[in-house]
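The values are calculated or read from the model by the stated rules, or taken from the named source; none is laboratory data. Since the model is a prediction, treat every value here as computed from it, not as a measurement. FYI the Cβ positions are ideal-geometry reconstructions off the backbone, even for glycines, and counts take in every protein chain you see. Protein only, heavy atoms only, side chains kept; ligands, DNA and RNA dropped before computing areas. Shrake-Rupley method; radii C 1.70, N 1.55, O 1.52, S 1.80 Å.
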Amino acid sequence: MKPLFLGVGNLHRGDDGVGPLLAERLAQDAELAQIAEIMPHSGEGASLMHLWEGRERVIVVDAMKSGQPLGTIHRFDAIAQTLSYGVFRYSSHLFGLAEATEMSRALDMLPAEMIIYGIEGSEYTFAADMSDEVAQSLKKVEADVRADILRD
């Protein structure tokens, strides 16, 4: 089964658009599109759980807010690390990425491998522009995600 890439967020909400923007970029790469399933996602938790159920490898990118400086990149091995509730919740979903990950863990439904990249954002209002710091961090995360997808 192909690896799954999920770009979580909303393109129209400033820094929250980082995940879907990366999904758009990756989907334009013909090589990646052949070897991975690449999709944007709103971040609704039950739907996320359904998408990654039974997968071998899942890679997720989402904006987050943990108090670190704007643009800070976090990389979580979701198999080895638990996620704090609320750090990925910058949408209308009360059951988002962290909650879905931890519920999947409790139900023994996590993929065999699951990497989550969080980029520290600050602007999540509708029609806001993505901050320069998040846009710069996205370039590094894009390179890391490409490497994660291409490795065997």
Residue pairs meeting the criteria (Cβ under 7 Å; at least 6 apart or on separate chains; first more than 24 Å from residue 44 (Cβ to Cβ), in the stretch 14-33; second assigned to a helix (DSSP H, G or I) and among the basic types (Lys, Arg))
32/146
From the list 33, 23, which one is more than 13 Å from the chain's Cα centre (by Cα), more than 21 Å from residue 95 (Cα to Cα) and either in a helix (DSSP H, G or I) or of a type in the set (Ser, Thr, Tyr) (or both)?
33
Residue list for the stretch 51-86, restricted to those being in a helix (DSSP H, G or I) and at pLDDT below 95:
none
In the stretch 1-13, the residues that are in contact (Cβ under 8 Å) with a residue 60 or more places away in the chain and open to solvent by 60 Å² or more (accessible area, probe 1.4 Å):
12
Search the stretch 36-50 for residues being touching a residue at least 12 places away in the same chain (Cβ under 8 Å) and part of a helix (DSSP H, G or I), and hand back the single one that is nearest to the chain's Cα centre (by Cα).
48
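Table: residues versus (1) among the aliphatic types (A, V, I, L, M); (2) in contact with a helix residue (DSSP H, G or I) (Cβ under 9 Å, 6 or more places away or on another chain).
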| residue | (1), (2) |
| --- | --- |
| 24 | no, no |
| 31 | no, yes |
| 38 | yes, yes |
| 52 | no, yes |
| 73 | yes, yes |
| 95 | no, yes |
| 99 | no, yes |
| 117 | no, yes |
| 121 | no, yes |
For residue 23, the lone unmet condition from (1) within 17 Å of residue 146 (Cβ to Cβ); (2) open to solvent by 50 Å² or more (accessible area, probe 1.4 Å) is (2)
Inspect all residues belonging to the stretch 118-134 and state whether any of them is assigned to a helix (DSSP H, G or I), within 15 Å of the chain's Cα centre (by Cα) and farther than 17 Å from residue 3 by Cβ.
yes
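Within the bounds of the stretch 61-69, is there any residue that is open to solvent by 40 Å² or more (accessible area, probe 1.4 Å) and of a type in the set (Asp, Glu)?
no
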